[in-house]
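These notes concern the structure reproduced below.
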Amino acid sequence: MIPLAAFEEIIDASGVAARIEAMLPAGVRPRQLRVRTLLAGMCLAQADHRPAHLTRVHQALTALSEDDQRRLGVIADWKHGPHLLTYRQTERTFGLVADALARDEPGGLPSGPLQAACDDLLEASIPEQFKDGSRSLAVDWTDLESFSRPPPHGTSDCADPEASWGHRKNNLLRSQDELFYGYYLSAGFMMPEENGPAVPELARRATLSSPRHDPVRAFAPVLTALPGQQIPLGDILDDSGYAHRDASAWAIPLRAAGAQLVQDLHPHDRGPKGTHHGAIIANGNLYCPRTPRPLLELGPLARTAAKEQAADHDRKTSELARYKLGRLTADDADGYHRVQCPAATGKIRCPLRPASMTLDRDRPEILTPPEHPPACCAQQTITVSADVAAKTRQKHDYPSAAHRRSYARRTGAERTFATAKDPASNNIARGWTRLMGLTPLTLWLTCLLAVRNKRILAAWTARQEDNDRRAAAGLPPKTRKRRRKTHTTLATRPP
């Protein structure tokens, strides 16, 4: 059980309680339940694997020691003696907070103060020693079903008008998506840097949006605001759901904010997609006009590939990299840079570049150069504008071995959502909370992710201490054993 002091430290460090308290209206008499105490009770309820019900918040606060109750105002001295906090007071304070943070006209996106409160609480749940541990973030979105019944067909009348119909993946045999009525939860989680030390997979940013809005466009402003908060962006790991969006929705804003994209390309975006000054645009790069077509059409390595298949795939991607135009300059302020023919950079042999024909014959050779050489072959360099392959350009060549290793870090986002939906923990399925509306759900989810960060940190610290003990004893780090059940173990198991 996470102690109360840990949550109080997060709330105080974020400064959220004081900001919200200043936004609430003044009543005839002072409220017994302060915002700071309310947030602490919400975190306690989630730390105890309880549903996100206000009754659970009241139970968590009234179960504290008498000293803590008096310190937090759960027990207050009234005119006729001590008064214990009631559920109606809990409901009243939460309603005031939700109304203060909500938009004047609900539209399915969080208000500025609400998103700021969410960001500050999550940032405060990350210890100082890990804030600069990694700049890489794995991003993803998942479904959050509303407690409200969907509106009848042809109408929009229901208890949660901000919710909407959305699509989610299912675990059934059929491949089509499943409809649900609710919201999209988008989040970014800290991942280790390439070849860097391991870091705890902590939730750093999150937002909630109605399916009426694109979750990618809803989450992009949350990430691009990080540099202004003195948090530089590094690698952004995302799947094809993000990469397939318009470049102006995801790739361009993040690249302008200093991020480097490591993403899986949608099948519709893979392979040759036009030319630029004669060079072939494929998978976010520019290639020689005489690049073999089978190399340009290489797809990602299958998960079930054997070692021999992986080695052959890596050999082909390495050969493809020889045909890529070499980059000479970094992007300028307008996103322009210059590239050069691969023969001029010594990666292939081409008769149009006589100097390249003196290179070793272990390099690919262009046997039939273009009869009318385009600009990429005739000029020393060509200029590449920001709109060329803006959507698919990324840190590593796709689908090379370096990209595969770097992209493998994105699985941390899947693990985080799996723990949030684990029935043995805080299962955010329908019924996890009976409150409706984007603002109440965002407050509860922020507390849930902050509590999860504390759990991850506790497990991380215990694992590091165990590794240190084993290292002091001369033992290797403990590894996880794959739990595999065989016919022999099942047959010999006692009844």
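Computed from the coordinates by the stated procedures, all read-outs in this text should not be read as laboratory data. All figures in this text were calculated on a predicted structure; none of them were measured in a lab. Reconstructed Cβ throughout: ideal geometry from the backbone, glycine too, with neighbour counts over all protein chains shown.
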Completion exercise
Helix-only [θ] at 222 nm, the chain, -39500 (n - 2.57) per DSSP H run of 4+, per residue, nearest 500, equals -11000 deg cm²/dmol
Practice task
Would you work out the relative contact order for the range 1-123, in percent, from Cα pairs under 8 angstrom that are 6 or more residues apart?
Solution key: 29
Fill in the blank from the handout: With Rh as the Kirkwood radius over Cα pairs, the range 46-171 has Rg/Rh of 1.04
Problem - Charge dipole magnitude, Cβ of K and R +1, D and E -1 - the chain, Cα centre, debye nearest 20 - result: 1560
Problem - Cα→Cβ-extended label distance, 7 Å offset, between R50 and A471, nm - result: 4.0
Exercise for the section: Starting at the first residue of the range 228-245, write each ³J(HN,Hα) from the Karplus equation 6.51 cos²θ - 1.76 cosθ + 1.60 with θ = phi - 60°, in whole Hz, x for Gly and Pro. Expected result: x, 9, 6, 10, x, 8, x, 6, 10, 9, 9, 8, 5, x, 7, 5, 7, 6
Handout entry: Per DSSP, loop GluC sites (Glu not before Pro) in the range 353-443 with at most 15 further Cβ within 10 Å
Key = E371
Handout entry: DSSP-assigned coil residues among trypsin sites (Lys or Arg not before Pro) in the range 377-430, each with at most 10 further Cβ atoms within 10 Å
Key = none
Exercise for the section: Would you please give the FRET efficiency between L359 and A198, computed as 1/(1 + (r/R0)^6) with r the Cβ-Cβ distance and R0 = 51 Å, to the nearest 0.05? Expected result: 0.75
Problem - Rel. contact order, % - alpha carbon contacts under 8 angstrom, at least six apart, the chain - result: 16
Problem - Entries in K273/K324; K273/K391; K347/K395; K324/K395; K347/K391 that, when Cα-Cα distance is taken, lie over 23 Å - result: K347/K391
Exercise for the section: Could you please state, rounded to a whole Å, how far the C-alpha centre of the range 179-222 is from the C-alpha centre of the range 107-143? Expected result: 8
Handout entry: Angle in degrees between helix 438-472 and the longest Cα principal axis of the chain, rounded to the nearest 10
Key = 70
Practice task
Evaluate the charge dipole of the range 26-148 about its Cα centre and quote only its size in Debye, nearest 20, assuming +1 on the Cβ of each Lys and Arg and -1 on the Cβ of each Asp and Glu.
Solution key: 680
Problem - the chain: antiparallel DSSP beta bridges as a percent of all, rounded to 5 - result: 85
Practice task
Take the eigenvalues of the Cα gyration tensor for the range 308-466, scale each by 5, and report the square roots as semi-axes in whole Å, largest first.
Solution key: 51, 21, 14
Practice task
Starting at the first residue of the range 389-394, write each ³J(HN,Hα) from the Karplus equation 6.51 cos²θ - 1.76 cosθ + 1.60 with θ = phi - 60°, in whole Hz, x for Gly and Pro.
Solution key: 6, 5, 7, 9, 5, 8
Exercise for the section: Let me know the charge dipole size of the range 6-95 about its Cα centre in debye, to the nearest 20, where only the beta-carbon of Lys, Arg (+1) and Asp, Glu (-1) is charged. Expected result: 440
Practice task
Answer with one residue from A390, A462, M436: the one whose Cα lies farthest towards the positive end of the charge dipole of the range 339-495, charges on Cβ with Lys, Arg +1 and Asp, Glu -1.
Solution key: A462
Problem - Separation between Cα centres of the range 13-43 and the range 313-342, rounded to whole Å - result: 55
Handout entry: DSSP-loop trypsin sites (Lys or Arg not before Pro) across the range 124-217, with at most 16 other Cβ within 10 angstrom
Key = K169, R174, R212
Practice task
Provide the descending list of Cα extents for the chain along its principal axes, expressed in whole angstroms.
Solution key: 99, 63, 47
Handout entry: Pairwise label distance in nanometres, R434 with Q129, each label 7 Å out on the Cα-Cβ vector
Key = 4.4
Exercise for the section: Taking just the C-alpha trace of the range 317-362, give me its Rg and Dmax in Å. Expected result: 12.6, 40
